[in-house]
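Asker: Take this structure, written in structure tokens, and hold onto it; I'll ask about it next.
The values are calculated or read from the model by the stated rules, or taken from the named source; none is laboratory data. Note that this is a predicted model, so its numbers are computed, not measured. Here the Cβ positions follow ideal geometry from the backbone for every residue, glycine too, while neighbour counts run over all protein chains shown.
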Amino acid sequence: MIVGWNMFAWFAAAAMVLSTLAAVASWRGSRRVAVAGALAGIVALAAFVVLFWVTLGRPPLRTMGETRLWYSLCLLMAGAFTYLRWGYRWILSFSTMLASVFMIINIARPEIHDQTLMPALQSGWFVPHVAVYMFSYALLGCATLMALYGLFRKEHDLSQAIERLLYGGVAFFTIGMLTGALWAKQAWGAYWSWDPKEAWAAAAWGLYLLAIHLRGRGRWFVAVVVAAFLTLQMCWYGVNYLPSAENSVHTYNQK
Amino acid sequence: MSNVVHKKAAREVLVMGALMGIAVAIELMFGSFPLAIVRFPLNVILMALWLVLLVELYRRRERSRVAQALLSQRATVASLVLMAAVGIALGLQREPATTAWPTVVAVLFVLSHLTLVTLRGWRDGRGIRWRFVVNHAGLWLALVAGFWGAPDRVQTRAMVAREVPTREAYDMSGRTTMLDCELQLIDFKIDYYSEGAPSMFEAEVAVDGEPITLRVNHPYHRTWSQTLYLVSYDTQSSDAVRYCVVEVVREPWRWLTVAGIVMLIAGAVLMFAAGPRKEAQQ
């Protein structure tokens with residue numbers, strides 16, 4: 001079955017509708033419906049990813065649009081995981097909202113998704129490296145949302161939940177960074193060369209480790225979580241707009 | 001009590017500021033850290049002295065103010081802020097100043113703090129805290145290999161042609177150097193996508209007469225510390241490719257880096273599986 005980018009809107013719409021149903025059900029306390037809706041939404045988007053992968057003949061992980069696709073999927077997965085594990089009623093609304101924003105961006109700004117994959121990206125590290133990163137971004141995105149929510153709704157103590165998400169997110173972020181280092185050694189001969197993307201990843205990692213060492217306490221905790229997430233955005237796509245990244249070895253994802 | 005803590009913190013910030021100020025002054029007066037001078041065995045001697053000093057500091061932690069300051073939570077915060085600051089500073093530069101004195105001082109401070117807290121974690125009275133040790137010792141190994149091993153890392157590139165074998169290569173500053181083996185191009189294959197972009201290229205190269213195959217992501221490990229990579233090729237020629245560019249990297253500390261990375265991955269898995277420590281949640 002050939003599934004091109006022109007069919008993304010249908011799969012995305014199904015995922016958004018099912019995830020929104022799940023979010024509403026979770027607010028109403030219907031756990032079964034919420035779980036079923038959330039899982040169905042994930043399946044709808046995952047089906048597109050799999051079929052699109054088969055159609056392209058390469059993993060859809062190269063362009064910014066393709067990483068946004070994975071980010072939306074991982075956000076839905078992170079939201080469902082958090083809801084299943086800790087039962088926060090509002091998390092599905094947040095994860096659905098954020099995932100929808102990225103899906104809508106991909107519908108509004110369709111990009112060229114050609115079948116070429118440059119030789120440097122033809123590696124067994126490619127899929128685990130990017131997929132693990134996207135999942136960590138999703139968990140850390142949820143942690144940031146919770147930290148901001150906690151700022152305004154002080155009656156809920158969310159520090160434990162934020163800390164759990166941070167541990168999961170930082171664990172995946174670390175694995176993403178290290179698989180990248182092993183891959184870089186195989187492809188370019190250096191584990192770490194302080195390429196702008198690597199430098200921003202190190203900065204974000206340092207700030208996330210700082211957040212973990214603050215252990216959910218202190219007035220600086222939320223500020224550090226938010227600063228770390230902003231630094232992570234620089235690492236993900238912000239770096240592409242910096243003059244320092246003109247000669248970056250990571251510029252293939254600008255397309 | 002809180003006044004004492006504030007005074008201590010203010011003093012430590014002052015000391016850190018002074019250290020970084022000195023580093024900036026040295027950078028401005030004498031230029032970047034002379035990496036080439038501290039090659040083996042000097043780097044190993046300096047590292048051994050640094051480790052002896054830190055172990056001695058750790059032994060005197062009850063009496064030494066420096067040891068207490070380096071082992072404090074504030075030092076952890078300072079280390080991680082420095083790590084982030086170094087990342088941001090290097091991320092904004094076109095040519096990252098990895099050997100600038102402020103970068104070297106910052107990394108040495110982070111490593112010193114990490115050494116002491118890893119020792120404390122290892123010798124903790126409650127027994128070995130595996131996750132703590134695996135994560136901290138893993139990061140320590142990777143950073144030690146990257147920092148103290150950097151002067152021994154040699155990266156050169158050779159233009160390898162079909163006609164005659166070559167030993168001549170260039171380092172990253174453009175200086176000519178001689179390789180310890182002869183390289184000659186035997187054959188070069190390129191496949192293209194229908195759009196015209198190359199989908200695969202591979203070189204058959206003779207290393208001291210022995211044929212090997214090089215491809216992107218498929219390097220050739222010649223010795224335990226030396227690896228050959230295919231980085232580029234003659235894109236101008238319309239017929240057969242006349243030459244390719246082979247990168248020869250000698251990195252004797254690489255296995256320490258690998259050990260550190262493996263430990264950090266194991267630590268990350270443990271982090272995800274176990275989550276935050278119970279006392280931290282209470």
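Asker: Can you tell me which residues in the stretch A:83-102 are closer than 22 Å to A:Asp157 by Cα and buried (at least 24 other Cβ atoms within 10 Å of the Cβ)?
Answerer: Passing the criteria: A:Ile91, A:Leu92, A:Ser95.
Each row is one residue, and each column tells you yes or no for (1) assigned by TED's automatic domain parsing to the domain that holds B:Val77; (2) charged (D, E, K, R); (3) closer than 30 Å to B:Leu82 by Cα.
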residue: B:Gly138; (1), (2), (3): yes, no, yes
residue: B:Pro165; (1), (2), (3): no, no, no
residue: B:Asp171; (1), (2), (3): no, yes, no
residue: B:Leu183; (1), (2), (3): no, no, no
residue: B:Leu214; (1), (2), (3): no, no, no
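Asker: Right, B:Arg131: of a type in the set (D, E, K, R) and more than 11 Å from the chain's Cα centre (by Cα) or not?
Answerer: Considered against the rule, which asks whether it is of a type in the set (D, E, K, R) and more than 11 Å from the chain's Cα centre (by Cα), B:Arg131 comes out as yes.
Asker: Report yes if some residue within the stretch B:76-98 is at pLDDT 95 or above and more than 12 Å from chain A (Cβ to nearest Cβ); otherwise report no.
Answerer: no
Asker: Let me ask something else. May I ask you to say which residue of B:Ala67, B:Ala78 is in contact with a Lys or Arg (Cβ under 7 Å, 6 or more places away or on another chain), surrounded by 16 or more Cβ atoms within 10 Å (Cβ to Cβ) and more than 28 Å from B:Ile37 (Cα to Cα)?
Answerer: Only one candidate qualifies: B:Ala67.
Asker: Filter the stretch A:173-195 down to the residues that are under 26 Å from A:Ala78 (Cβ atoms) and of a type in the set (A, V, I, L, M), then identify the one that is farthest from the other protein chains (Cβ to nearest Cβ).
Answerer: The extreme case among them is A:Met177.
Here is a yes/no grid of residues against (1) surrounded by 24 or more Cβ atoms within 10 Å (Cβ to Cβ); (2) over 14 Å from B:Gly91 (Cβ atoms):
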{"site": "A:Leu151", "(1), (2)": "no, yes"}
{"site": "A:Gln160", "(1), (2)": "no, yes"}
{"site": "A:Arg164", "(1), (2)": "no, yes"}
{"site": "A:Gly169", "(1), (2)": "yes, yes"}
{"site": "A:Thr174", "(1), (2)": "yes, yes"}
{"site": "A:Lys185", "(1), (2)": "no, yes"}
{"site": "A:Ile212", "(1), (2)": "no, yes"}
{"site": "A:Val222", "(1), (2)": "no, yes"}
{"site": "A:Pro243", "(1), (2)": "no, no"}
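Asker: In the stretch B:51-65, how many are out of contact with any helix residue (DSSP H, G or I) (no Cβ under 6 Å at 6 or more places or on another chain) and touching a residue at least 40 places away in the same chain (Cβ under 8 Å)?
Answerer: Of the residues in that region, 2 qualify.
One line per residue, one yes/no per condition, for (1) surrounded by 14 or more Cβ atoms within 10 Å (Cβ to Cβ); (2) at pLDDT 95 or above:
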{"site": "B:Ala18", "(1), (2)": "no, no"}
{"site": "B:Ser32", "(1), (2)": "yes, no"}
{"site": "B:Leu42", "(1), (2)": "no, yes"}
{"site": "B:Ile45", "(1), (2)": "no, yes"}
{"site": "B:Val55", "(1), (2)": "no, yes"}
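Asker: Can you tell which of A:Val239, A:Val249, A:Val170 is β-branched (Val, Ile, Thr) and more than 9 Å from chain B (Cβ to nearest Cβ)?
Answerer: A:Val249
Asker: Here is a further query. Quick check: anything in the stretch A:196-217 within 8 Å of chain B (Cβ to nearest Cβ), at positive phi and not in a helix (DSSP H, G or I)?
Answerer: yes
This table checks each residue for (1) at pLDDT 85 or above; (2) part of a loop (DSSP other than H, G, I, E, B); (3) under 18 Å from the mean Cα position of the chain (by Cα).
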{"residue": "A:Val50", "(1), (2), (3)": "yes, no, yes"}
{"residue": "A:Trp53", "(1), (2), (3)": "yes, no, no"}
{"residue": "A:Pro60", "(1), (2), (3)": "yes, yes, yes"}
{"residue": "A:Phe102", "(1), (2), (3)": "yes, no, yes"}
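Asker: Can you say whether A:Gly141 is buried (at least 24 other Cβ atoms within 10 Å of the Cβ), in contact (Cβ under 8 Å) with a residue 24 or more places away in the chain, more than 10 Å from every other protein chain (Cβ to nearest Cβ) and touching a Leu at 6+ places or on another chain (Cβ under 9 Å), as far as the supplied structure shows?
Answerer: Spelling it out, A:Gly141 is indeed buried (at least 24 other Cβ atoms within 10 Å of the Cβ), in contact (Cβ under 8 Å) with a residue 24 or more places away in the chain, more than 10 Å from every other protein chain (Cβ to nearest Cβ) and touching a Leu at 6+ places or on another chain (Cβ under 9 Å).
Asker: Among the listed residues B:Leu183, B:Leu116, identify the single one that is under 24 Å from the mean Cα position of the chain (by Cα) and at pLDDT 90 or above.
Answerer: Result: B:Leu116 is the single residue among B:Leu183, B:Leu116 that is under 24 Å from the mean Cα position of the chain (by Cα) and at pLDDT 90 or above.
Asker: Suppose the filter is surrounded by fewer than 16 Cβ atoms within 10 Å (Cβ to Cβ), among the charged types (D, E, K, R) and closer than 30 Å to A:Ser159 by Cβ; does A:Arg32 pass it?
Answerer: Yes, satisfied.
Asker: Among (1) under 27 Å from A:Glu66 (Cα atoms); (2) surrounded by 16 or more Cβ atoms within 10 Å (Cβ to Cβ); (3) within 9 Å of another protein chain (Cβ to nearest Cβ), which single condition is A:Leu232 missing?
Answerer: Unmet for A:Leu232, out of (1) under 27 Å from A:Glu66 (Cα atoms); (2) surrounded by 16 or more Cβ atoms within 10 Å (Cβ to Cβ); (3) within 9 Å of another protein chain (Cβ to nearest Cβ): (3).
Asker: With a cut-off of at least 3 residues that are under 29 Å from the mean Cα position of the chain (by Cα) and within 12 Å of chain A (Cβ to nearest Cβ), name the strands (runs of 3 or more DSSP E) lying wholly within the stretch B:210-282.
Answerer: B:226-233, B:243-250
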